[in-house]
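Notes to accompany the following structure.
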């Protein structure tokens, strides 16, 4: 992230968060928030789940992560941001799974449900998922090894609607023999669409795998081509 990138405006939540004890599951927290089921939580695209740091392994140390789970045409979507930028955009069928993944990844962070201002940021991300060619003018908080970051930067340079093979990406970062490592870096990406690992395919054009499902990968590529 460059110093010139704008800082995100994070405000304290204006509504009470859901306090979840360390022994409680995310499902319990969803129920205690007043939702009759996981699907009811999922259907409410504006639903925000604030959980105290004690609900997460290791407590709230080092960094504050604000997050929200919403709904888009590809299923559930979780957006999370640190004070440096977007640190996670994940997709799935079950919002509980996305929350658990965030919990596992940032086990020592303070995870706080976003407020109304944060919802605007989430809306930008959802709009970007629905129409990738519109771009996403938000800073990213990219966390990975030096090699992974080189790969992810190369992915961001792939124009929407275009694809590159793993071998081509390896060549672009001057590591032509590191095709397998490039594939592993793509699989390790936690910021869907904004770091477009969906744009990387096999040399024969086969879609190969995708962290969030091959059908979602195909849908994203189709949108970019059509848009």
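Just so it is clear, none of the values below were taken in a lab; they were calculated from the coordinates. Note that the coordinates shown come from a computational prediction; the quantities given were computed from them, not determined experimentally.
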* Structure fact -> Length gained, residue 130-residue 175, 0.36 nm per residue minus C-alpha separation, equals 12.9 nm
* Bin by bin, in steps of 5 Å, what percent of the Cα pairs in segment 123-227 do you find, going until the bin that has the longest distance? -> 2, 13, 25, 26, 20, 10, 3, 0
